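Asks: Below: one structure in C-alpha cells.
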C-alpha cells in the first residue's frame, strides 16, 4: 500500500486489465474526422490501415530461438526419427481472452508437396508469460511427441501425445511450473527445470529482536519483503524409469536452458551462472571476458560467468565439466556423441592448470571447441566440429520464407525433382491490410562505417512530403518480417502501426560494447540518421521521436542529455540507464553502469559519472518523456531517478508500470496497452493528434498538462 500511495503522488499509473480492455474502442462520430484512428470504417473493397491488434494476432512460428532473432532454418518442421512425419508448432495472440494460443500440427512427409490439410494434434492456451507449447521432441518410436504444455489456470507440465491414437497424457504433476526439460529417446529418463516454490518470508524472533542483516539483496527485494525462503533460480529435477522425481541441489544458479541428457541417460549437463568464481579465473586476459571476471569481485550475489556442470547418475557425482568459463557472449553449445561417452563444447575457455608456458598464455586469451571423454574427463581440442543435424526427411525441406516486406509463409520443396509448394500461408488476413513500403537504408558514420536500418513508410507515402520520424532502437534484422520493427518485441516498438498513422519509422542498427564510447557512438548514429533522412527530403527534423528498450535506454538517455539535437518526444522502456541510483539500488549488480561510465562512482570516478551519466544531466533534457517499467524485479527503481528528477525540474514526464509483465511483453492486453500507448504518445507530440476514444479521455488530460509544462519550459 505504501508503494501505491507514493505512486499516486508521483503520477505513477498502474495499468489494470479493466482499463486495457477498452483501449481499442473508438467514438465513430468523432473518429470519422480522424480516419487513422478508425480501423473499422473504410470504403468497400479497399484495404484497411494496420492497427496494433494485427501484430498481436499475427500467426507465427512458435520457437523461442526464432523469437529472439535466430534464423528459422532447421526450426520450422520437427521430423520424426524415421523422417516420414513432421510437426509444426504455431502461435497467435487472442485479445478477447488475453491469452496466447499454441497448436501442434501433423504432416505426412510424402504428401507435403500435394497441399495437404494439417492434422491438429494438440492446442494449449496460456495466460501467463510462459509459452503454451514448447520444447517439442519425438521419441524413438516415431509416434510419440513429448512437449511442455500449459493451459489457462494451470502450470506448465510435461505432456505426451500419440499421433496414432491422438491420446494426450500429462507425464508430470509438479507443484510449480516446469520451465525446460529433456528426455531420452525411449522416454524412460527425464530431466527438468522448475520454478522454486514461492514462500513469503515471515520474520522470525531473531529478526524481530535484532533486525535483518543485509548482504546480497537488491533494494527492490528488501522493499518487497526482505529475504525470501526461496531462491529466484530454477531448480533441477531428475526422474528415472517412472520413479518419483528427485531434486539435484546445485551451488550455482541455473541459466535456464534445456538440460542436456546423454543418449543413454547416464549423464546430465546443465549450464549455470557461477556463484563463487575461482581465484585462478582472474588470470584470464581475454579482453571480452576480463571485465566480467573483475566484476565478480564487486560484491555480486553471483557473476555473469557461465560453465557446464555434469551429473553422473550412476555415481551421483556432480562436477564442473570444465574448470573454466564459457565465452561471454556465446550461448552454451553442447553436443553428445551417439554413444554418450563424450561431449563437445563449442566456444569455451580451458583450465589454466598447465605447465607449458606457451599453452598457458594461449588459454588465457583464446576460446576453443573441445571434446571431453567421459567419465575420465580427458580434453581434446578440435579444429572442426561436426554438429549432429536435426532429423529430416530424405529429399524434403520445410522452410519459412520471409523478408522485411513479405510476411512469413511455409514452403515444402524437393531435392529430387526441384518441386516447391506453398505448405502454409500463416496470415492470409494480411491481404486485407494496407502495408506501406519498407526500405533497407544505410548511412555513413563519422568513422566511415555503415549504419543500417529498416525504413517503414506510411502506406500513402508521397514523395517530396516531409513526415514526422520515430527512431526505434535495439537493432534491425533485414531478413525478417516484423509488424513491430524489431522482431515482435512489443515492449517499445510498433513500426507498422506508427506508419499507418502517417509517421516514418527507422528501425536502427546498434552496437553495444560496455565502454565509455558506447553512449557517444550511438548518439552519433541517431544524429547521422536524422541528417541522412533529412537530406533525402523524407522527414521534418523538427518532429523526431525516439524509442528505447532494455540496453538502448542508456544509449537514448545519453543522446537526450548530451546531443545538441532536441528530440520532440521520447519513450524509455525497462532498461539500464547508467545512473547512480539504479546502480546502487542493485547493489553493484549492474556492473555495466560502471563500464559505461568508465569507473566506479566514487572519488575521481564520480567526476566521470557527473559528466557522462544521463541521470546526472537531467537538467539538459527538453524532451517530453514517457517511462515504462515492466515486472516486479526493480524496473520501477531503475527509472525512478529519471521520474523524480524530471518531475522536480518541472519537465514533462510520465511513468507507467506494468507490474506483472515480462521484459519482452507476452500477454496480449499488456502488448496492446504498451504499443497503443506508444502510438498515441508519438501522435500526440509529433502530429498534435488525439484519439477520440472515450476510454482515453484521462490520458489526454494528463498529456495536455504535460504539454503546458513543455510550453513553460521552452518559453521561460
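The values are calculated or read from the model by the stated rules, or taken from the named source; none is laboratory data. These figures come from a predicted structure and were not determined experimentally. Cβ atoms come from the backbone with ideal geometry, glycine included; neighbour counts cover every protein chain shown.
Asks: From 403, 460, which residue is surrounded by fewer than 16 Cβ atoms within 10 Å (Cβ to Cβ) and free of Cβ contacts under 8 Å to residues at least 60 places away in the same chain?
Replies: Residue meeting the stated conditions: 460.
Asks: Also, I was wondering about something else. Quick one: which residue in 293, 270 is free of Cβ contacts under 8 Å to residues at least 40 places away in the same chain and outside the structural domain of residue 601 (by TED's automatic domain parsing)? Let's see the steps before the verdict.
Replies: Working: 270 fails: free of Cβ contacts under 8 Å to residues at least 40 places away in the same chain.
When all the criteria are applied, what remains is 293.
Asks: Being without any contact (Cβ under 8 Å) to a residue 12 or more places away in the chain, part of a loop (DSSP other than H, G, I, E, B), surrounded by fewer than 23 Cβ atoms within 10 Å (Cβ to Cβ) and outside the structural domain of residue 577 (by TED's automatic domain parsing), is that true of even one residue in the range 697-716?
Replies: Within the range 697-716 (the criterion being without any contact (Cβ under 8 Å) to a residue 12 or more places away in the chain, part of a loop (DSSP other than H, G, I, E, B), surrounded by fewer than 23 Cβ atoms within 10 Å (Cβ to Cβ) and outside the structural domain of residue 577 (by TED's automatic domain parsing)), the answer is yes, since at least one residue qualifies.
Asks: Only one of (1) under 21 Å from residue 714 (Cβ atoms); (2) buried (at least 19 other Cβ atoms within 10 Å of the Cβ) fails for residue 619. Which number is that?
Replies: Going through (1) under 21 Å from residue 714 (Cβ atoms); (2) buried (at least 19 other Cβ atoms within 10 Å of the Cβ) one by one, residue 619 breaks only (2).
Asks: Do we find a residue being on the phi > 0 side of the Ramachandran plot and in contact (Cβ under 8 Å) with a residue 12 or more places away in the chain anywhere in the range 296-316? Let's see the steps before the verdict.
Replies: Residues of the range 296-316 on the phi > 0 side of the Ramachandran plot: 299, 316.
Narrowing further to those that are in contact (Cβ under 8 Å) with a residue 12 or more places away in the chain: 299.
Yes; the residues of the range 296-316 include at least one that is on the phi > 0 side of the Ramachandran plot and in contact (Cβ under 8 Å) with a residue 12 or more places away in the chain.
Asks: Identify all residues within the range 235-254 that are at pLDDT 90 or above and not in a strand (DSSP E or B); write none if there are none. It would help to see each step written out before you state the result.
Replies: Initially, the range 235-254 is screened for residues at pLDDT 90 or above, giving 235-239, 244-250, 254.
Matches in the range 235-254: 244, 245, 249, 250.
Asks: Among the residues of the range 30-44, is there at least one that is modelled with pLDDT of 60 or more, part of a loop (DSSP other than H, G, I, E, B) and at negative phi?
Replies: Within the range 30-44 (the criterion being modelled with pLDDT of 60 or more, part of a loop (DSSP other than H, G, I, E, B) and at negative phi), the answer is no, since none of the residues qualifies.
Asks: For residue 218, indicate whether it is at pLDDT below 90 and out of contact with any helix residue (DSSP H, G or I) (no Cβ under 7 Å at 6 or more places or on another chain). Steps first, please.
Replies: On the way: at pLDDT below 90: yes; out of contact with any helix residue (DSSP H, G or I) (no Cβ under 7 Å at 6 or more places or on another chain): no.
For residue 218, the condition - at pLDDT below 90 and out of contact with any helix residue (DSSP H, G or I) (no Cβ under 7 Å at 6 or more places or on another chain) - is not met.
Asks: Considering (1) buried (at least 22 other Cβ atoms within 10 Å of the Cβ); (2) part of a helix (DSSP H, G or I); (3) touching a helix residue (DSSP H, G or I) at 6+ places or on another chain (Cβ under 6 Å); (4) at pLDDT 95 or above, say which one residue 680 fails and leave the rest.
Replies: With respect to (1) buried (at least 22 other Cβ atoms within 10 Å of the Cβ); (2) part of a helix (DSSP H, G or I); (3) touching a helix residue (DSSP H, G or I) at 6+ places or on another chain (Cβ under 6 Å); (4) at pLDDT 95 or above, residue 680 is out only on (3).
Asks: Regarding residue 492, is this residue part of a loop (DSSP other than H, G, I, E, B) and touching a residue at least 12 places away in the same chain (Cβ under 8 Å)?
Replies: Yes.
Asks: Give me the helices (runs of 4 or more DSSP H) completely within the range 581-651, filtered to those with at least 2 residues that are farther than 22 Å from residue 521 by Cβ and either out of contact with any strand residue (DSSP E or B) (no Cβ under 8 Å at 6 or more places or on another chain) or free of Cβ contacts under 8 Å to residues at least 60 places away in the same chain (or both), ordered by residue number. Give the steps one after another, and end with the answer.
Replies: On the way: elements: 591-597, 604-612, 635-648.
Hits in the range 581-651: 604-612, 635-648.
Asks: Check off (1) on the phi < 0 side of the Ramachandran plot; (2) modelled with pLDDT under 95 for residue 530 and give me the number that stays unchecked.
Replies: Evaluating residue 530 over (1) on the phi < 0 side of the Ramachandran plot; (2) modelled with pLDDT under 95 leaves (2) as the failure.
For every residue, the table says whether it meets (1) in a strand (DSSP E or B); (2) crowded, with 22+ Cβ neighbours inside 10 Å.
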site	(1), (2)
73	no, no
76	no, yes
90	yes, no
110	no, no
134	yes, yes
140	no, no
148	yes, yes
153	no, no
159	yes, no
